[in-house]
Amino acid sequence: MKWNRKYLLSIDDLSIEDIHEIFETAKSMKEILKRPIKKVPTLRGKNVCLLFYEPSTRTRMSFENACKILSVDTISFSRESSSLKKGETFLDTLLNIEKMGVDLFVIRHSSSGVLHFLKNFINAKIINGGDGTNEHPTQALLDAFTILENKKKIENLKIVIVGDILHSRVARSNIKLLKKLNANITLCGPPTLLPEEFKNLCVEIEYDLKKAVKDADVIYVLRLQLERQTSNFFPSIREYNELFGIKKEILKYAKKDVIIMHPGPMNRGVEIDSDVADSEYSLILEQVENGLAIRMSILYYMLA
Ligand code: CP
């Protein structure tokens, strides 16, 4: 694949061919990860800035590790110790860092859509590491890759996304990607966190968890994003766990070989119980492992 794009801001930026190429290259990247010496010179001389304006463990560290394995030099940005604290704007910060020889930024930011604005001012390439409640395209790619590895297909699978849909950039990117790959998607959550407008995305909406997970191939659990909730969307965490938490007893309504996924970080005992998160159905740590290979693949296409 010859990929001339400067940006991966949304799943909309990718064709079906791009998606399959990213998956094929991720398989080769997994081979590199099995070697005793996990280092190749493929992207030597390239420079990436990891600019995370919001907390992150998985996305930031897997991009950093992916860069190291592909011999990319990285510089990291910490909001707390930066001159943003002295009043510098985010755009000025970016323009200054770009002048230090950065080829590509991986950016996470709390404002939805901010990267679409910033891209008009900088020449470096940009990968969206999660922008507000808008999109998290690399998470969706690693999720779809994990489903494909385990189920051998995505077309016609019943994939149920459960939880705080309203505030979830992971849900938005996954809905776009899994629809492109012809999955059947059901969304489930309290009505306050799952407005009917989501029907416009050609997905099923079900407010009863048992009905939603009936015959599901995949149950994708979302974190309850309390930090983004501006009002009381449900009476209590206990009630949320009672009605929408994924517990062992719920799994009997799904297919026998159902898989459980979660983007992390998990709130154990809130949206998912530990006996499900740590069960044989759970692919949660496999998602993290695949995240490294998928991000290596994306860096390769954007920088090679
Ligand atoms: N899934 C995910 O984006 O995790 P982090 O917030 O730790 O990067």
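The values are calculated or read from the model by the stated rules, or taken from the named source; none is laboratory data. Bear in mind that the values here come from a model prediction, so they are computed numbers and not experimental data. With ideal geometry, Cβ positions are generated from the backbone for all residues, glycine too; neighbour counts draw on all protein chains shown. Surface accessibility is based on the protein's heavy atoms, side chains included, excluding ligands, DNA and RNA. Shrake-Rupley method; radii C 1.70, N 1.55, O 1.52, S 1.80 Å.
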Self-check item: Sole exception among (1) within 16 Å of the ligand (Cβ to nearest atom); (2) free of Cβ contacts under 8 Å to residues at least 40 places away in the same chain; (3) in contact with a strand residue (DSSP E or B) (Cβ under 6 Å, 6 or more places away or on another chain) for LEU285, by number
Solution: (3)
Self-check item: Close pairs (9 angstrom Cβ cut-off, 6 or more residues apart or separate chains): closer than 10 Å to ALA26 by Cβ and open to solvent by less than 10 Å² (accessible area, probe 1.4 Å) in region 138-153, of a type in the set (Lys, Arg) and in a helix (DSSP H, G or I) anywhere
Solution: LEU141/ARG295; LEU142/ARG295; PHE145/LYS27
Practice problem: Search region 49-67 for residues that are under 14 Å from PRO263 (Cβ atoms) and pair each with any residue that is within 9 Å of the ligand (Cβ to nearest atom) and of a type in the set (A, V, I, L, M) when their beta-carbon atoms are under 8 Å apart and the residues are at least 6 apart or on different chains. | Solution: ARG58/VAL288; SER62/VAL288
Practice problem: Name, by its number, the condition in (1) within 23 Å of GLY129 (Cα to Cα); (2) aromatic (Phe, Trp, Tyr); (3) more than 16 Å from the ligand (Cβ to nearest atom) that does not hold for TYR207. | Solution: (1)
Practice problem: Of the conditions (1) open to solvent by less than 30 Å² (accessible area, probe 1.4 Å); (2) within 19 Å of the chain's Cα centre (by Cα); (3) assigned by TED's automatic domain parsing to the domain that holds ALA66, LEU94 clears all except one; give me its number. | Solution: (2)
Quiz item: How many residues does region 153-202 contain that are small (Gly, Ala, Ser) and either in a helix (DSSP H, G or I) or within 16 Å of the ligand (Cβ to nearest atom) (or both)?
Solution: 4
Exercise. Would you kindly identify the helices (runs of 4 or more DSSP H) lying entirely within region 212-304 that contain at least 2 residues that are open to solvent by less than 40 Å² (accessible area, probe 1.4 Å) and assigned by TED's automatic domain parsing to the domain that holds GLU64?
Key: 284-303
Quiz item: So, of the residues in region 104-127 that are assigned to a strand (DSSP E or B) and touching a residue at least 60 places away in the same chain (Cβ under 8 Å), which turns out to be nearest to the ligand (Cβ to nearest atom)?
Solution: ILE127
Quiz item: If only one of LYS27, LYS39 is open to solvent by 70 Å² or more (accessible area, probe 1.4 Å), over 16 Å from the mean Cα position of the chain (by Cα) and touching a residue at least 40 places away in the same chain (Cβ under 8 Å), which one is it?
Solution: LYS27
Quiz item: What single numbered condition from (1) open to solvent by 40 Å² or more (accessible area, probe 1.4 Å); (2) within 27 Å of LEU118 (Cβ to Cβ) fails to hold for SER62?
Solution: (1)
Practice problem: Check region 156-171 and report whether any residue there is modelled with pLDDT under 95 and over 17 Å from MET261 (Cα atoms). | Solution: yes
Quiz item: Of all the helices (runs of 4 or more DSSP H) wholly in region 1-103, which have at least 3 residues that are away from the ligand (no atom under 16 Å from the Cβ)?
Solution: 16-34, 90-98
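Evaluate the following for GLY130: is it within 15 Å of the ligand (Cβ to nearest atom) and either open to solvent by 10 Å² or more (accessible area, probe 1.4 Å) or not in a loop (DSSP other than H, G, I, E, B) (or both)?
In short, yes.
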